[in-house]
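This report concerns only the one structure given below.
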Amino acid sequence: MPPELRDFQVAGPMASLVKLHYGDRRVHYEVWVQQKRSIVEVGLHFEGEPQHNARALEALSLRYAEIASALGPDVEPEQWTESWTRIHMTLPIAPLEPPFAAHVAERLAALIRTLEPMIGKERRKRSGERGRSTFLP
């Protein structure tokens, strides 16, 4: 990870997931091991106010071609619940041993390297337009 992206905070691990965020827990990267579904989800979750979540998903969806080029076609923007949104990928589960952990870590790092600069740019853009950020809280 580049030095400017290493200052994340960790929430967890909690049971089968861990969350990483850059100061706002409502906007976090997540690794969720789902044994029953035989997958591991790696994603960026927006779990704040519904209008902020929708705006974030819309902004990232407009850049989907760029995101898919960097991360692969399996990355998916999604209205996850009535109020929460996410952009995520799923990996088939493998034995939770060092090689698979390294693979999951690399996918998470790629997601952060790709999306976090986009989020920062959008925050600055929105902040300049309205005097405060409306893209994310």
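Bear in mind these aren't lab numbers, they're just calculated from the coordinates by the rules spelled out. Nothing here was measured: the structure is a model prediction, and the numbers come from that model. Here the Cβ is made from the backbone with ideal geometry for all residues, glycine too, and neighbour counts use every protein chain on show.
Here are some notes:
- Among Leu62, Leu20, Leu115, residue whose mean-square fluctuation peaks in a GNM of the chain (springs only between Cα atoms under 10 Å): Leu62
- Listed residues Gln51, Gln35, Gln79, most fluctuating in the chain (Gaussian network, C-alpha, under 10 Å): Gln35
- Rg to Rh quotient for region 44-113, alpha carbon positions, Kirkwood Rh: 1.03
- Entry for region 3-129 at q = 0.13, 0.15, 0.16, 0.22 Å⁻¹: log10 I(q)/I(0) = -0.52, -0.70, -0.80, -1.53, Debye formula applied to identical alpha-carbon scatterers, no solvent contribution.
- Neighbourhood charge, 15 Å Cβ-Cβ cut-off, centred on Glu82 and excluding it, Lys, Arg +1 and Asp, Glu -1: -2
- The chain: most fluctuating residue of Pro117, Pro50, Pro98 per GNM, C-alpha cutoff 10 Å: Pro98
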